[in-house]
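I have placed the structure first, in the form of structure tokens, so that the comments after it can refer back to it.
The values are calculated or read from the model by the stated rules, or taken from the named source; none is laboratory data. Keep in mind it's a predicted model, so treat the numbers as computed, not measured. Neighbour counts are summed over all protein chains in view; Cβ atoms, including those assigned to glycine, are modelled from backbone coordinates with ideal geometry.
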Amino acid sequence: LAASAVRNLAGGGKVFAGQRDDPFFVDLGATFDLLTIRPGAPGNKGGGIDSLAGYNVQSIVLQVPIASVTNNGIAPAFVNSEFGVIAGRALSMRQSTRVYNTNGTQSASGPWVQVSRLGMPLVNEVVIPLALKDAFNALHPRDDGAALPVVLDPEAARLLKALYGLDVPPAPRNDLVAIFLTGIAGLNKPPFVLPSEKLRLNLFTPATAIGAGNRMGLLGGESGGYPNGRRLIDDVVDITLQAAAGGTPFTPAQNKAPNNQLGDGVNANEKPFTAAFPYVASPHQGFDHTHHRTEPATP
């Protein structure tokens, strides 16, 4: 069925629109309950509950030639190419005024305003404090300098220290600014970049072969994984938790157990991704499916 919904695009590339399995995997209850690890710290041995298992999402999947998304129309020839890094974000907008009419209908008017955004996954959800989430959701990336203080001294890292006694790096957390706001030098940091929360990808990075790849992305030794882009297999929850705790090569003093072992106990999607476009797993049928899945525990 997926193949019949694929359309070729002028100039190369293809597009798919339709239902697929939700590819994100996370133990929502554990992650957002004071970063509690359900099976017990450090969270890299399975035992978590994939809260999104069994759900489908409406998906738009694009595959385009690299040269079609660079400023100069040429695929980069080396890692530090001037136009080799692209950045993107998603946003939602709605009109500023909504009226509930006496007959039960609704009408909207006024200018369109931004109400949510997403670039690097979990920045808004984990790094930005609860009291500032609405304000951050309304920011344009060019104004993200306003968020620098809460990234340089993130609440999540202070929670990990206060609640679990972890030795986290002290503020200022310039390592997190590089990961989340500017890109990492020599990998996906473009020239003359302003701090802005976007998902960045160095287009010179080779694509990961189907069925291969380390779920820990860059922390697993793969320059082609998150936070350099985001592959379907990338365990962005575990990577973000370890980054918040300083369990990365960018903060060597804290790049040790348990900081570099933290996770939510969910290591993969409940369905395998496909070997052919659109790559996202087939959707669950409505008649026979279950929600939630417990990640098998490992020694």
Looking only at the range 140-178, and only at residues there that are acidic (Asp, Glu) and surrounded by 16 or more Cβ atoms within 10 Å (Cβ to Cβ), the one that is farthest from GLY247 (Cα to Cα): ASP144
Meets criteria (surrounded by fewer than 14 Cβ atoms within 10 Å (Cβ to Cβ) and either assigned to a helix (DSSP H, G or I) or in contact with a strand residue (DSSP E or B) (Cβ under 7 Å, 6 or more places away or on another chain) (or both)) for ARG7: yes
Meets criteria (assigned to a helix (DSSP H, G or I) and without any contact (Cβ under 8 Å) to a residue 60 or more places away in the chain) for ARG142: yes
Selected residue (criterion: farthest from ASN269 (Cα to Cα)) from residues of the range 51-73 that are at pLDDT 95 or above and either in contact with a helix residue (DSSP H, G or I) (Cβ under 9 Å, 6 or more places away or on another chain) or exposed (fewer than 12 other Cβ atoms within 10 Å of the Cβ) (or both): ILE60
Unmet criterion (only one of (1) touching a Leu at 6+ places or on another chain (Cβ under 6 Å); (2) within 25 Å of PRO190 (Cα to Cα)) for ALA245: (2)
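Yes/no matrix, rows are residues, columns are (1) of a type outside the set (Ser, Thr, Tyr); (2) under 23 Å from ASP33 (Cβ atoms); (3) touching a Lys or Arg at 6+ places or on another chain (Cβ under 9 Å):
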site: LEU130; (1), (2), (3): yes, yes, no
site: ARG142; (1), (2), (3): yes, no, no
site: VAL151; (1), (2), (3): yes, yes, yes
site: LEU159; (1), (2), (3): yes, yes, no
site: ALA178; (1), (2), (3): yes, no, yes
site: PHE192; (1), (2), (3): yes, no, no
site: GLU197; (1), (2), (3): yes, no, yes
site: LEU218; (1), (2), (3): yes, no, no
Residue pairs meeting the criteria (Cβ under 9 Å; at least 6 apart or on separate chains; first farther than 23 Å from GLY47 by Cα and polar (S, T, N, Q), in the range 270-299; second surrounded by fewer than 18 Cβ atoms within 10 Å (Cβ to Cβ) and at pLDDT below 90): THR274/ILE210; SER282/LEU1
Hits in the range 10-19 (condition: over 11 Å from GLN63 (Cα atoms) and either surrounded by 13 or more Cβ atoms within 10 Å (Cβ to Cβ) or touching a strand residue (DSSP E or B) at 6+ places or on another chain (Cβ under 7 Å) (or both)): ALA17, GLY18, GLN19
Condition check for ALA253: in a helix (DSSP H, G or I), aliphatic (A, V, I, L, M), modelled with pLDDT of 95 or more and out of contact with any Gly (no Cβ under 8 Å at 6 or more places or on another chain): no
From ALA108, ALA135, residue being outside any strand (DSSP E or B) and either modelled with pLDDT of 95 or more or closer than 15 Å to GLU197 by Cα (or both): ALA135
